[in-house]
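Following: one structure in structure tokens, then a few remarks.
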Amino acid sequence: MPEYIVKISTEQLAQASGDIGKKVKDLRSAFEEMTDAVNRTNGYWLGEAGEAHRKAYRQMQSGQEEILRRLSEQAVDLAQIAGIWETAEQEVRELNQSLPDDVIE
């Protein structure tokens, strides 16, 4: 049977989840600012070049949203893993405490 060594704590997983969530929020905000900037070009960048630029940006937006969605899922997954792991550790501690101390006499 293979032996596994866990090198991260549930606290570290929860922290990583929070960090990823914050960074995704920051990225989402930055992309929204870029979208606003691109949309504002409607007022001064007229013609084919402006339209091509805005069209190219709109085509990339679905990819941006997909990336942000997947990163958000990673944050949720890490939080769930940390919760499951913490629950399992607590169950093991409780089971360990319920075992008799005087098995070998």
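All of the numbers you see were taken from the coordinates with simple rules; none came from a lab. What you see is a predicted model, and the numbers here were worked out from it, not measured in a lab. Note that we place each Cβ from the backbone using ideal geometry, even for glycine, and neighbour counts take in every protein chain shown.
A few points about this structure:
- Any pair with Cβ under 7 angstrom, 6 or more apart, that starts in the range 55-74 at a residue that is among the hydroxyl-bearing types (Ser, Thr, Tyr) and ends at one that is in a helix (DSSP H, G or I) and surrounded by 14 or more Cβ atoms within 10 Å (Cβ to Cβ): Tyr57/Val38; Ser72/Val24
Matching residues to (1) exposed (fewer than 10 other Cβ atoms within 10 Å of the Cβ); (2) within 24 Å of the chain's Cα centre (by Cα); (3) among the small types (Gly, Ala, Ser); (4) not in a helix (DSSP H, G or I):
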residue: Leu13; (1), (2), (3), (4): no, yes, no, no
residue: Val24; (1), (2), (3), (4): no, yes, no, no
residue: Gly50; (1), (2), (3), (4): no, no, yes, no
residue: Arg54; (1), (2), (3), (4): no, no, no, no
residue: Glu65; (1), (2), (3), (4): no, yes, no, no
residue: Arg69; (1), (2), (3), (4): no, yes, no, no
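- Scan of the range 75-94 for residues that are of a type in the set (Val, Ile, Thr), without any contact (Cβ under 8 Å) to a residue 12 or more places away in the chain and within 16 Å of Ala16 (Cβ to Cβ), ordered by number: Ile84
- Among the residues of the range 71-105, those that are outside any helix (DSSP H, G or I) and not aliphatic (A, V, I, L, M) comprise Pro100, Asp101, Asp102, Glu105.
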